[in-house]
Amino acid sequence: MSLARAALTEFAAFVSAAVSPDAATLEEDTAGPDHPPPQPEGPIRIRPVALDRTSRSQRDGPVLDLELTVAVSSSGQRGLENTETLLTALESVGRYRVAPLDRQGPPAVPTVFSFLVRIPVAVRLDIPAGPPVREPLQLRMGTGRLLQGTLRGRDGKPLAGARVRAHASARTATTGLDGGFELLTTHDDTQHFTVEFDGAARRISASSRDVPLTLRWEPPDDERGT
């Protein structure tokens, strides 16, 4: 049995219990050459009219939220009383939503009271997961540190306006007028940097045991002979 069918059957049982001892009849389009139209058996008739998608949610896994709309009709000598009883019962449970039936012009049968009920249906989706992990995932976690340093040229003078990037943290800083910079990096004894200055870029490594550290900028080969 589908989930929508189960929800419809549960609703029909709820209606029958609410209007007892009167009976409720579930009507569906089963008429055909081999199935003549069924005759109403009770004063309360339930007829499914639509099944719509409302949303998709995540409740212990992916869930497709559907809404089954049924038309409920009450007729006979107790039609008005049964309608009031049903509306009160539906309001008390809070699970079902009641909506008025869209009528065009005066009702064809004045003794029939009708309204719509919207029934929630939750369908759990079976979405394949990704490939299994064959090896345990290992993570290395550690604390960083703020490393201070100075960039100097071959003559020992500080170089301002250079960009210094730490390979360990991918952080970048620009040297000040005194050639100084600060970078968040790791606790490794040897630090590797990429320095960009005056249109050129070079990789520089330095020991971080002695801080503040000093980076020495060596100009490109074509500038050394000038």
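Just so you know, in region 149-202 the residues that are over 38 Å from the mean Cα position of the chain (by Cα) and among the polar types (S, T, N, Q) include one that is nearest to L213 (Cα to Cα), and it is T150. When we screen T85, T54, T69, T25 for residues that are in contact with a strand residue (DSSP E or B) (Cβ under 7 Å, 6 or more places away or on another chain) and modelled with pLDDT of 90 or more, the only hit is T69. Checked against (1) in a loop (DSSP other than H, G, I, E, B); (2) modelled with pLDDT of 85 or more, D102 passes all but condition (2).
So how many residues does region 52-64 have that are exposed (fewer than 15 other Cβ atoms within 10 Å of the Cβ) and within 15 Å of L3 (Cα to Cα)? Can you show your working first?
Of all residues in region 52-64, those exposed (fewer than 15 other Cβ atoms within 10 Å of the Cβ) come to 52-62.
Going one step further and asking which of them are within 15 Å of L3 (Cα to Cα), we end up with 52-53.
Number of matching residues: 2.
Once region 166-180 is narrowed to residues that are part of a strand (DSSP E or B) and among the hydroxyl-bearing types (S, T, Y), the residue that is modelled with the lowest pLDDT is T172.
Would you check which residues across region 181-226 are of a type in the set (G, A, S), at pLDDT below 85 and surrounded by 13 or more Cβ atoms within 10 Å (Cβ to Cβ) and list them?
So the first thing to find is which residues in region 181-226 are of a type in the set (G, A, S), and the list is 199-201, 205-208, 225.
Going one step further and asking which of them are at pLDDT below 85, we end up with 208, 225.
Passing the criteria: only S208.
The values are calculated or read from the model by the stated rules, or taken from the named source; none is laboratory data. What you are looking at is a predicted structure, and each value in this text was computed from that prediction instead of being measured. When we count neighbours, we look across all protein chains shown, and the Cβ atoms used for this are built from the backbone with ideal geometry, even at glycine.
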